[in-house]
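The values are calculated or read from the model by the stated rules, or taken from the named source; none is laboratory data. The structure displayed is predicted, hence computed values, not measured ones. Note: ideal-geometry Cβ built from the backbone for every residue, glycine included; neighbour counts use all protein chains shown.
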């Protein structure tokens, strides 16, 4: 149906990311460090004879050189070009021949690689990831092929998609100094200008065991898995220098920035972006609940009024991007035919003002908690989901058991907290507001 | 002695290193896998209620949640002129019952953190197992006592129309519309396309009758997956769905679908598109109960069903035309189809089609190697196992067995059957199902860049043009006795006449544009000698200046001045003549200048001219049929399309020039340049180029 296709197009804009939530019945795991600094997490689950082998590297677009953006994501492609012992094109063939499937994703703060394999191929997965970490092939031939593929990816997801540039246009206005200001896919010009040495250096700097988490979930035996992990990973040398992490603190927003983007669309969109605290903080959880209050479910504040009662929007969303450094909450709406975006914006501001002025009812608060509980449960329904969650919790928070305890953080948020964070962070004087207008509406 | 010790010591070190390397020998090759685990399909239970509702239960207690899917096997029929009413009826059904209005339904669902949706083919809900009674109560109420509120109907209609308008900008939506129209025909149940007209023709009673006539338990299935046992499932099914009344459902005669004759190329223009979405497609009898279903499925995987497929390896890994190419057979009880598709950059649209057809023919003509067959079987086996992680897969299996009248052990035997398929079986399936002689080749993209290169694929050498909603565009009314020459000479006459224009040696212009940063000033000088000046400034401060004088030139900007390279100088000269149109038929400057058709520009009928310069640039221009004036120029480059609209022509010493130029595509926001002054053949012109 047309609307659903439209919605998935809009949502696809945000999907460079992996989801960050966890919970289920208790998820048991074992974790330890190798001497070279690699952190290992293992979860045993025999319900299906499969296993997910994954490695998360603590490098994302924010670690990039501002003149060489797009590297972290580019490496997601480049690191399938093989290694000392794996010919070009063989990486995928090996996984497929083993009956597995695989993927990778890159975000602002990290890059993640995983394959799901029949459980008798655990060692294959370990071999592949150890080759990738130890001696991946990083050369100009691979660079040249993947450059073209990444350009097509950009055209597909950003240039040729309605609202495809939404995240990029927002972030570059929200952040003036912090690396979050450039898109994860980076600049095609930077990729063109980079030389082989740049790529080799990036690999040497970031793809080192002390910058990685090996996370494995599924039909394995902990003891024998440990032996195999030791075999493949313990002799990988640690890096020679400290891994670069930017210490740039984005200064507070100075006022409201308003702008218009003309796009190949028919329906205008309104985007309002506010700075929010980094993930893991008490306020970040409160902000997430606030965003659920605003736009998750048909009875949410924005959906109910904008989409349903007043039919000013075909879609209303509130997307909290909580990251390692201060993040952003993006409230957005796609206007219905013939609706002036300024009217939609006014509605959004009124609804946010209501949250600031009136404490939510106990019933509505209970609803929020039920919604969060449901969301959390869904993230760990598969070995792939569990492996990623375990890695995320360790890498970002140093506390892998959050996969079981994170729900408590949500449960400690009070109604007053939700009102407080609305007042503190959804500041109308300091935000970015973008209008997406059809090209035909240019003055 | 010391040296000997050192050498010995080194020798030991070397030996140790050698050992270390010897240990790492294991990295050289892929490790051998352990013994393959046995793959077991979980259990499902099937039972029927008295009213004919079939219930499938897959119990899985891993997580404390449960989902309920109600599927109605509505016979396929065409919505005709009211295309879209089935979807709307499904949506409307969930918008109010005799006891709850929409707000109450929404509130109740959200309160338990559940999800719930209604469709033209049924409904779906999921929740934590502790809330299943609340969810089922709502689902049951919606199913049996919907009221179809008029106000909600209007809302859905409005939202649907918004979505339809958006189709024009979505290459995927356009491709879906056009492909469906071509492959099935617009009269076929699968061939109807929602349009503004069809949606506006729908009434609430259409929606209500649809649900009344077709939503009957005797053609429906309730699939329960998750944390619920058989006893509870039986109780719940009876309690919430037992009172649903059975009834006769009309059976509708299926329509025959014909294969196309020859190769038919269809193009849909999406101006400014930077990628072409290309597809090869045709209808094909292929269903889950085809005798060679599994072979056809395996063959599809080889061709375009995984990363290592023929299509993906060729178009992405080898040639980097695309981010991903895929294709294969799609089964359907009524009529299946074949489709191969990819989104590729404009310049390789034709090459991509060549490669797609090549790969299809390779599958037909060259048998697979045993190695490749073995790899794809391994892939599918693993995939099958991974699919079993999700209990929904098991439910689908159970449902398919009932719906398609398959053997009870179809899925438990699936891998055995698949592993027995031979290279010959695959060849037979390829010959049967793949065909590059009778198909549709569909491209959604930028017409001026792409369309012409596609005629070679068409059996009649002619490309058909369709709009975003699957309607054929008849040849636009082209007046007789008009060709590229007449359009250009009419234009030159309208702006002053060839003679007068040729007397312009130097043309000096100042323009200004209001932007958020302030007023931007543009200054340019064009000349017959191809000397040129361009300057952009604001409030007297120069941002950028470029001067070309003969074979020399310099540029200034950000406090720096540098000489222009010979390449930059010749690039600057390309646009340096005051009236480039005087040279359109000079083959040293333009490879081709074609009259491409009639189109509307800002509601005005215009001739479309496609030009290709000798430096490779592609330009599209539009000249008003009524006034002969140039209305628009579109130049497509690396960054996309730059569009200039020319308005309010005024007389300058007998020469007509546009005083308003609207530029878009070059910067994030469009700008409107207004002419401030024009000087023709200024005195001391040579001073300007210093």
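Looking only at the range A:377-394, residues that are closer than 21 Å to residue A:108 by Cα and either away from chain B (no Cβ under 13 Å) or in contact with a helix residue (DSSP H, G or I) (Cβ under 7 Å, 6 or more places away or on another chain) (or both) come to 8 in all. I'd like the full set of residues that are without any contact (Cβ under 8 Å) to a residue 40 or more places away in the chain and part of a helix (DSSP H, G or I), limited to the range A:292-319. A:295, A:303, A:304, A:307, A:308, A:309 - these are the residues of the range A:292-319 that are without any contact (Cβ under 8 Å) to a residue 40 or more places away in the chain and part of a helix (DSSP H, G or I). Regarding the range A:354-368, can at least one residue be identified that is assigned to a helix (DSSP H, G or I), under 30 Å from residue A:113 (Cβ atoms), within 14 Å of chain B (Cβ to nearest Cβ) and at pLDDT 95 or above? The answer is no, given that none of the residues of the range A:354-368 is assigned to a helix (DSSP H, G or I), under 30 Å from residue A:113 (Cβ atoms), within 14 Å of chain B (Cβ to nearest Cβ) and at pLDDT 95 or above.
May I ask you to verify whether residue B:187 is at pLDDT below 95, within 17 Å of residue B:466 (Cβ to Cβ) and either within 14 Å of chain A (Cβ to nearest Cβ) or assigned to a helix (DSSP H, G or I) (or both)? The answer is no for residue B:187.
Taking the listed residues B:119, B:124, the one that is within 25 Å of residue B:249 (Cα to Cα), surrounded by fewer than 23 Cβ atoms within 10 Å (Cβ to Cβ) and within 9 Å of another protein chain (Cβ to nearest Cβ) is B:119, with no other qualifying.
Let's see how each residue does on (1) modelled with pLDDT of 95 or more; (2) touching a helix residue (DSSP H, G or I) at 6+ places or on another chain (Cβ under 6 Å); (3) within 11 Å of chain B (Cβ to nearest Cβ); (4) within 21 Å of residue A:62 (Cβ to Cβ):
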{"position": "A:230", "(1), (2), (3), (4)": "yes, no, no, no"}
{"position": "A:236", "(1), (2), (3), (4)": "yes, yes, yes, no"}
{"position": "A:259", "(1), (2), (3), (4)": "yes, no, yes, no"}
{"position": "A:267", "(1), (2), (3), (4)": "no, yes, yes, no"}
{"position": "A:275", "(1), (2), (3), (4)": "yes, no, no, yes"}
{"position": "A:287", "(1), (2), (3), (4)": "yes, yes, no, yes"}
{"position": "A:302", "(1), (2), (3), (4)": "yes, yes, no, no"}
{"position": "A:310", "(1), (2), (3), (4)": "no, no, yes, no"}
{"position": "A:315", "(1), (2), (3), (4)": "no, yes, yes, no"}
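Considering only residues that are assigned to a loop (DSSP other than H, G, I, E, B) and over 22 Å from residue B:388 (Cα atoms), look in the range B:37-57 and name the one that is nearest to the other protein chains (Cβ to nearest Cβ). The qualifying residue nearest to the other protein chains (Cβ to nearest Cβ) is B:53.
Set side by side, the residues B:111, B:153 differ, and just one is out of contact with any strand residue (DSSP E or B) (no Cβ under 6 Å at 6 or more places or on another chain) and within 8 Å of chain A (Cβ to nearest Cβ), which is B:111. Sub-6 Å Cβ pairs linking a first residue in the range A:111-125 that is more than 7 Å from chain B (Cβ to nearest Cβ) and under 28 Å from residue A:71 (Cβ atoms) to a second residue that is in a helix (DSSP H, G or I) and at pLDDT 95 or above, at least 6 apart or interchain, are A:111/A:72; A:115/A:125, ordered by first then second residue. When residues in the range A:66-80 are screened for being within 11 Å of residue A:104 (Cα to Cα), in contact with a strand residue (DSSP E or B) (Cβ under 6 Å, 6 or more places away or on another chain) and assigned to a helix (DSSP H, G or I), 2 of them pass.
Screening the range B:672-690 for residues that are surrounded by fewer than 16 Cβ atoms within 10 Å (Cβ to Cβ) and more than 18 Å from residue B:652 (Cα to Cα) and picking the one that is nearest to the chain's Cα centre (by Cα) gives B:690. The set of residues from the range A:89-110 being more than 7 Å from chain B (Cβ to nearest Cβ) and closer than 13 Å to residue A:51 by Cα comprises A:95, A:102.
Candidates are the residues of the range A:184-219 that are within 13 Å of another protein chain (Cβ to nearest Cβ) and out of contact with any helix residue (DSSP H, G or I) (no Cβ under 6 Å at 6 or more places or on another chain); the one that is surrounded by the most Cβ atoms within 10 Å (Cβ to Cβ) is A:187. The test for being at pLDDT 90 or above, more than 11 Å from every other protein chain (Cβ to nearest Cβ) and part of a helix (DSSP H, G or I) does not hold for residue A:134. Scan B:159, B:173, B:165 and give me the residue that is under 30 Å from residue B:262 (Cα atoms), at pLDDT below 95 and within 14 Å of chain A (Cβ to nearest Cβ). Exactly one residue qualifies, and that residue is B:173.
Does the range B:602-624 hold any residues that are more than 25 Å from residue B:347 (Cα to Cα) and surrounded by fewer than 17 Cβ atoms within 10 Å (Cβ to Cβ), and which are they?
Hits for the range B:602-624 are B:602, B:603, B:604, B:605.
The single residue among B:311, B:368, B:303 that is under 19 Å from the mean Cα position of the chain (by Cα), surrounded by 20 or more Cβ atoms within 10 Å (Cβ to Cβ), on the phi < 0 side of the Ramachandran plot and in contact (Cβ under 8 Å) with a residue 40 or more places away in the chain turns out to be B:311. For residue B:621, the stated conditions do not hold, so it cannot be described as touching a residue at least 12 places away in the same chain (Cβ under 8 Å), more than 26 Å from residue B:549 (Cα to Cα), within 14 Å of chain A (Cβ to nearest Cβ) and part of a strand (DSSP E or B).
Residue B:540 meets each of the listed conditions (1) within 18 Å of residue B:673 (Cα to Cα); (2) touching a strand residue (DSSP E or B) at 6+ places or on another chain (Cβ under 8 Å) apart from (2).
Quick one: in the range B:383-409, of everything that is in contact (Cβ under 8 Å) with a residue 12 or more places away in the chain and in a loop (DSSP other than H, G, I, E, B), which residue is nearest to the other protein chains (Cβ to nearest Cβ)? Per the stated criteria, the residue is B:388. Applying the condition of being closer than 30 Å to residue A:63 by Cα and in a strand (DSSP E or B) to the range A:320-335 and asking which residue is farthest from the other protein chains (Cβ to nearest Cβ) yields A:327.
Here is a yes/no grid of residues against (1) assigned to a strand (DSSP E or B); (2) modelled with pLDDT of 90 or more:
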{"position": "B:548", "(1), (2)": "yes, yes"}
{"position": "B:553", "(1), (2)": "yes, yes"}
{"position": "B:568", "(1), (2)": "no, no"}
{"position": "B:573", "(1), (2)": "no, no"}
{"position": "B:578", "(1), (2)": "no, yes"}
{"position": "B:588", "(1), (2)": "no, no"}
{"position": "B:609", "(1), (2)": "yes, yes"}
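Does residue B:100 satisfy the criteria of being in contact (Cβ under 8 Å) with a residue 12 or more places away in the chain, in contact with a helix residue (DSSP H, G or I) (Cβ under 7 Å, 6 or more places away or on another chain) and more than 28 Å from residue A:376 (Cα to Cα)?
So residue B:100 fits the description; yes.
Counting only residues that are in contact with a strand residue (DSSP E or B) (Cβ under 9 Å, 6 or more places away or on another chain), away from chain B (no Cβ under 11 Å) and touching a residue at least 40 places away in the same chain (Cβ under 8 Å), the range A:33-48 holds 9 of them. Being farther than 30 Å from residue A:25 by Cβ and surrounded by 16 or more Cβ atoms within 10 Å (Cβ to Cβ) is the filter here, so list the residues in the range B:25-70 that pass it. Within the range B:25-70, B:27, B:30, B:31, B:33, B:49, B:51, B:53, B:54 meet the criteria.
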